[in-house]
1. Between rounded, prolate and oblate, where does region 37-123 land on the alpha carbon gyration tensor, with a ≥ b ≥ c its root eigenvalues, rounded for a/c under 1.5, else prolate if a/b exceeds b/c?
2. Find, among the chymotrypsin sites (Phe, Trp or Tyr not before Pro) in region 45-125, those assigned to loop by DSSP (not H, G, I, E, B) with at most 16 other beta-carbon atoms within 10 angstrom.
3. For the cross-link pairs Lys3/Lys28; Lys134/Lys177; Lys6/Lys28; Lys36/Lys134, which exceed 21 Å when the distance is taken from alpha carbon to alpha carbon?
4. In whole angstrom, note down how far apart the Cα centers of region 53-78 and region 1-48 are.
5. Along the charge dipole of region 17-87, pointing to its positive end and built from +1/-1 on Cβ of Lys, Arg, Asp and Glu, which listed residue (His71, Thr82, Ile24) has its Cα farthest out?
6. What lysines sit close enough to Lys181 to cross-link, taking a C-alpha to C-alpha distance under 20 Å and skipping anything fewer than 8 places away on the same chain?
7. If you place +1 on the Cβ of every Lys and Arg, -1 on the Cβ of every Asp and Glu, and leave all else neutral, what size is the dipole of the chain about its Cα centre, to the nearest 20 Debye?
8. Among residues other than Leu41 whose Cβ falls under 15 Å from its Cβ, what is the net charge (Lys/Arg +1, Asp/Glu -1)?
Amino acid sequence: MEKKFKAYLQDEFQFSSLDAGRIIYAIKAIFSELSKLLIALLVALPLGYADEVLIATIVLLSIRCNSGGLHFSHYISCFLFTSAFYVMAIALSRYPLSNGYLALGLLLSLGIFLITGPITSVMRPRLTAAEVKKFSHRVIILLLVYSSLLILLETLPYRELIYWVIVLQIFQLLCAKIARKGEIYEKTVYTKNV
């Protein structure tokens, strides 16, 4: 089926083999992510946590699409990690934090991101210096906007959930950085054209 679709893209739309492969990869990635979200919602809905899953997904995607993080090679390991992420964020959000602790956690998250920067999958091409700067700026702006909203609006619905999604995302970004320490991927940063 995949080979036929690739041939169709090449014949009908004159895509190169590489571009057709990229389109197929993107479609697979979208369906994979949508299926995980659908399963999470089907579990969360009868438990009364569908709103939390949707809010967490929106916040997570806004940051993760620009920061990257841990990546898993198999659907089930990715699904289990994502599920654990949602469960932890929702469970931790049940405990309100004072503005001081909230601000400290957000400041630490921003600092950790400044150290780690965006982390892409080993399956993806290495980011250029310009891309690192672009994605880093986006994440910093998002973190500053979220931080401002969370600190200034103490009655913001899902305030603690948003906070924990940010903190856990940055924590797993740090884990991804540590896991990649010393890999050839890390050693070749921006040295291709030097």
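1. Cα axes put region 37-123 in the oblate bin.
2. Passing sites in region 45-125 are Phe72.
3. On the way: Lys3/Lys28 14 Å; Lys134/Lys177 19 Å; Lys6/Lys28 13 Å; Lys36/Lys134 28 Å.
In this structure, Lys36/Lys134 exceed 21 Å between Cα atoms.
4. One Cα centre to the other: 16 Å.
5. Positive-most Cα among the choices belongs to Ile24.
6. Lys192
7. Numbers: 19 positive and 12 negative charges, 130 e Å.
That gives the chain a dipole magnitude of about 620 debye.
8. Summing Lys/Arg as +1 and Asp/Glu as -1 gives -2.
Each reported figure results from applying straightforward, stated rules to the coordinates on display, with no laboratory input. Source: prediction; values computed, not measured. Note: ideal-geometry Cβ built from the backbone for every residue, glycine included; neighbour counts use all protein chains shown.
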